[in-house]
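Trainee: Have a look at the structure that comes next, please.
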Amino acid sequence: MRPSTLLTLTLGSLATAFPALQHQVRQTSNTTVTNTTITNTTACATGVHIIVARASTEKPGEGIIGAVARQVQQSVPGSDSEAVDYPATLTNYTTSEGLGVSGMTKLIENYAARCPGSKMALMGYSQGAQVIGDVMCGTSEANFNSTPPLNPALSKNIIAIIQMGDPTHIPNLPQDVGNSTKAGIFPRPNTTACTAMEPITKSFCTADDRFCDSGNSIPVHLSYVREFGTQATDFVVQKAMNGTRKA
């Protein structure tokens, strides 16, 4: 089977599954889902500036992972957040994801230019997690347009990265959290480019996740904020307080 045909079939199954995801996330999550973007387009955060990429089919805003961003803001005074403006659709997924990559890159560039000494953190769920990986490591997945990694002059300001349910997940990497043993549905061929980011990254993936573990479970894919939200928050807070890339 041609890779492009496999991609089409995979995305077809995603389009069937994700409406159920959107319903279940409201039924199974203990976290209040809001789509309000907390953003300050002029001032520089004295804590940490968080850039958030939502999951597929979520309404514009920060989506369910925004709960983690809000917890960080409550723990680190002077912090703020903003959402990546991108389609987050399953139809034309590769185009949507590519727009997410360019959108997040632009937010990083703009903020670094305006606030060169300010700390940044990145958070993404599902398609949003793939966006982060492609921004930081470059896009190398089959059937996606190739992009280069983020300029090191910009990435040096990023002190923490949180990925949940990343479809490009590769198991047994230093940044992995969870019991996943399989690659995601769009496995990342080039993980070497991510090496520099390992000490500041946590990528959460649990066995049988439909998307990051190529499994069968959508409920597992929905579980990360509930199961790992506190751990993710603590990691970002620790990095923000230390302002360091050390593990």
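Computed from the coordinates by the stated procedures, all read-outs in this text should not be read as laboratory data. Here the structure is a predicted model, which is why all the values come from computation and not from measurement. Backbone-built Cβ (ideal geometry, glycine too); neighbour counts: all protein chains shown.
Trainee: Around residue 119, which amide H atoms from residues at least 5 apart in sequence, or from another chain, sit under 5 Å from its own amide H, with H modelled in the peptide plane?
Mentor: 49
Trainee: Straight-line reach only, C-alpha to C-alpha below 20 angstrom: list the lysines that residue 106 could link to, leaving out same-chain residues fewer than 8 apart.
Mentor: Those lysines meeting the cut-off are 119, 156.
Trainee: If you don't mind, there's one more thing I want to ask. Please sort 122-128, 234-240 by packing, taking for each peptide the average over its residues of neighbouring beta carbons within 10 angstrom, highest first.
Mentor: 122-128, 234-240
Trainee: Mind checking the stretch 56-156 for trypsin sites (Lys or Arg not before Pro) that DSSP puts in a loop (not H, G, I, E or B) and that have at most 14 other Cβ atoms within 10 Å?
Mentor: 156
Trainee: Under a 5 Å amide H to amide H cut-off, with H placed in plane at 1.01 Å, what residues pair with residue 139 once short-range neighbours are removed?
Mentor: 147
Trainee: Quick check: from the Cα gyration tensor, does the stretch 167-242 come out rounded (a/c under 1.5), prolate or oblate?
Mentor: Judged from the Cα gyration tensor, the stretch 167-242 comes out oblate (a/c at least 1.5, b/c at or above a/b).
Trainee: What order do you get for 157-165, 94-102, 200-208 when each peptide is scored by the mean count of other beta carbon atoms within 10 Å, highest first?
Mentor: Ranking the peptides 157-165, 94-102, 200-208 by packing returns 157-165, 200-208, 94-102.
Trainee: So which lysines can residue 182 reach, going by Cα to Cα under 30 Å and dropping same-chain residues fewer than 8 places off?
Mentor: 59, 202, 239, 246
Trainee: Spin-label point model (7 Å from Cα, Cβ direction): what's the residue 192 to residue 94 distance in nm?
Mentor: About 2.4 nm, to one decimal.
Trainee: Here is a follow-up. Between residue 59 and residue 74, what is the label-to-label distance in nm when each label sits 7 Å out along the Cα-to-Cβ direction?
Mentor: Between residue 59 and residue 74, the simple spin-label model gives 2.1 nm.
Trainee: Separate question: Using only C-alpha atoms and all pairs of different ones, pull out the Kirkwood radius for the stretch 93-246 in Å with one decimal.
Mentor: Kirkwood radius, the stretch 93-246: 15.4 Å.
Trainee: Under a point-charge model restricted to the Cβ atoms of Lys and Arg (+1) and Asp and Glu (-1), what is the dipole moment magnitude of the stretch 63-153 relative to its Cα centre, in debye to the nearest 20?
Mentor: The calculation lands at about 220 debye.
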